[in-house]
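Input: a single structure, listed below in structure tokens.
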Amino acid sequence: MSLQMVSTVSNSSLLQPGFSLLNFDGHVFLFGQKGWPKRSCPTGVFLLDIKQNELKMKPACFSKDSCYLPPLRYPALCMLRSDARADEYQYIIHGGKTPNNDLSDKIYFMSLVSKTSKKMTFQCIEKDLGGDVPEARYGHTINVVHSRGKSVSVLFGGRSYTPLAQRTTEKWNSVVDCLPSVFLIDFEFGCCRSYTLPELQDGLSFHVSVARDDIIYILGGHSLQNNTRCPNLYKLKIDLPLGSPAVTCTILPGGISVSSAIVTQISDSEFVLVGGYHSDNQKRLVCNTIVLEDSKIEIVESVSPEWTPDIKHCRTWFGCDMGKGSVLLGIPGANKQIIPDANYFYILRCKGAEEDKEEDLITQICSQTSSEDPGDSTPFEDSEEFCFSAEANSFDADDADTYNEDDEEDESETGYWITCCASCSVDINTWVPFYSTELNKPAMILCSSGAGHWVHAQCMDLSETMLLRLSEANVKYFCNEHIDLNKGLQTPQKVGCLKRPPMKPLRRKKTMKLSTPMKKSFLRRLFE
């Protein structure tokens, strides 16, 4: 395994926990941005362009006959093929949260309709279902199984809001586990049917599910009711005869008590399990290899990458499978960066260079991470993971980006342990956190004097309230040594009032006055 850090160049504030990723022909697209889409990218979908360890986000587009797709966070997604060996595929998107924290119960189909060297166009279609339609939810999984020449989608788990009849004023937006029902969805006929299995007693969310042929394995997951991470490994077998489908569940030994984990496929029958949480305040830094052969599953511990100190010491992390054995990982950067909502990102490659080839993903994977939004959860709640999702993209030119972080100074060029001023007291050997937002590096702020330079917030005697206010406001900051110079530069010169010449009054035209004899002569001629 190899771990490589990537720098975000454009639109980095949109890369927040809860996004989804989708891989179409080797191109990775991001769906489910933070907030509602802007005019610069009305679809809310971006192409992730990674070159020379730089991550750029370029706006994407849909075909004209596509339906509207809101930016959903934590939906269930999976790849759908006409059969297990087909080359063409599309993605299924179900559920998720809107920017208003409303839950969706709709199902969308995303497919690639055209592709050129500079543009890929996608189509989004909303599907209607009948029967036992699953309620609106998030943090669940959906997979596709194949049996007896037929295929069906299987939906399980997730969370939803408390029913209206049970809500109170204090807990109006509280969430609960969805019932542990298994839903079989036949998209060809647009029908859905739910199954209750005695082996599935507790609702699960943000678990991992891996499907192969007619079997789905469910691993880990978090239960709100018991506040536990399930140690069981469930095996769902779906049989599709001519009559009614048959669904059976078996509890297998060898499960892992984990939530918010990520799965990536490295071969036809081999997968790697990365990340997740053992508990609310303990990340899982161990990696596992999952092998599926002959209706059996084997989970063994594998060699983990050399995690960076930032990853080891951060409390939360998130990520998603990028396809072809690669995983995109993110850690919060609020403790280290002045730019609000910025994160640090890494790409974990689980395959060797000689194995990194174009492959068909026969086995369906659906990994979900994390539990709640930062505003809804405790600081040590599960991280929130990127997931799959497709969109069309129009990536004609580099200047299509509405925001480019190349314009911002990078504090990493000078480092955190510089002597920022004559009275600087920050030393790498003796430094201890001063602000509550600091973790393992001192907070810094950019002085806009001249070409700009970074200074320690502690050395500038900034209070924590002022530091947070400066980080949120779009204003220039000047350090103690340059504040007086800046005031002198900002003092405007007095400009005298311009004197305007007075306007000349308009002259009235003179009119001829007629005497009385002349008036009589004029009237006489007029009536003659």
Positions within region 187-201 being closer than 18 Å to Q225 by Cβ, part of a loop (DSSP other than H, G, I, E, B) and open to solvent by 70 Å² or more (accessible area, probe 1.4 Å), in sequence order: P198, Q201
Members of region 150-175 that are more than 23 Å from the chain's Cα centre (by Cα) and outside any loop (DSSP other than H, G, I, E, B): K150, S151, V152, S153, V154, L164, A165, Q166
Given (1) more than 26 Å from the chain's Cα centre (by Cα); (2) within 16 Å of P180 (Cα to Cα); (3) in a loop (DSSP other than H, G, I, E, B); (4) not β-branched (V, I, T), index of the condition Y234 fails: (3)
Within region 119-136, tally of residues that are crowded, with 21+ Cβ neighbours inside 10 Å and either free of Cβ contacts under 8 Å to residues at least 60 places away in the same chain or part of a strand (DSSP E or B) (or both): 3
Test: residue in region 224-231 that is open to solvent by 10 Å² or more (accessible area, probe 1.4 Å) and hydroxyl-bearing (S, T, Y): yes
Any hit, region 120-135, residues being at pLDDT below 90, within 25 Å of F46 (Cβ to Cβ) and of a type in the set (A, V, I, L, M): yes
Residue within region 260-277 that is part of a strand (DSSP E or B), in contact (Cβ under 8 Å) with a residue 12 or more places away in the chain and more than 28 Å from S20 (Cβ to Cβ) present: no
Qualifying positions in region 232-246 - surrounded by fewer than 18 Cβ atoms within 10 Å (Cβ to Cβ), in contact with a strand residue (DSSP E or B) (Cβ under 9 Å, 6 or more places away or on another chain) and aliphatic (A, V, I, L, M): A246
Boolean, T316 is among the hydroxyl-bearing types (S, T, Y) and part of a strand (DSSP E or B): no
Scope region 137-149; condition part of a loop (DSSP other than H, G, I, E, B) and within 27 Å of the chain's Cα centre (by Cα); matching residues: R137, G139, H140
Which numbered condition I347 fails, given (1) in contact with a strand residue (DSSP E or B) (Cβ under 9 Å, 6 or more places away or on another chain); (2) among the hydrophobic types (A, V, I, L, M, F, W, C); (3) at pLDDT below 90: (3)
Region 43-66, residues that are touching a residue at least 12 places away in the same chain (Cβ under 8 Å), over 21 Å from E88 (Cα atoms) and either among the acidic types (D, E) or open to solvent by 30 Å² or more (accessible area, probe 1.4 Å) (or both): D49, I50, N53, E54, K56
Looking only at region 247-259, and only at residues there that are assigned to a loop (DSSP other than H, G, I, E, B) and in contact (Cβ under 8 Å) with a residue 24 or more places away in the chain, the one that is surrounded by the most Cβ atoms within 10 Å (Cβ to Cβ): V258
In region 167-179, the residues that are in contact (Cβ under 8 Å) with a residue 12 or more places away in the chain and surrounded by fewer than 17 Cβ atoms within 10 Å (Cβ to Cβ): N173, S174, V176, L179
Hits in region 21-42 - residues which are open to solvent by less than 10 Å² (accessible area, probe 1.4 Å) and in contact with a Pro (Cβ under 6 Å, 6 or more places away or on another chain): G32, Q33, C41
Unique residue being under 39 Å from the mean Cα position of the chain (by Cα) and at pLDDT below 70 when the list is N474, N480: N474
Residue count for region 148-166, restricted to those that are open to solvent by 10 Å² or more (accessible area, probe 1.4 Å) and either touching a residue at least 12 places away in the same chain (Cβ under 8 Å) or not polar (S, T, N, Q) (or both): 10
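The values are calculated or read from the model by the stated rules, or taken from the named source; none is laboratory data. Treat the numbers as computed from the prediction; the structure is a model and nothing was measured. Methodologically, a virtual Cβ is constructed for each residue, glycine included, from the backbone with ideal geometry; neighbour enumeration extends over all protein chains shown. Each accessible area value is taken on the protein alone, full model and side chains, heavy atoms only, with ligands, DNA and RNA left out. Shrake-Rupley method; radii C 1.70, N 1.55, O 1.52, S 1.80 Å.
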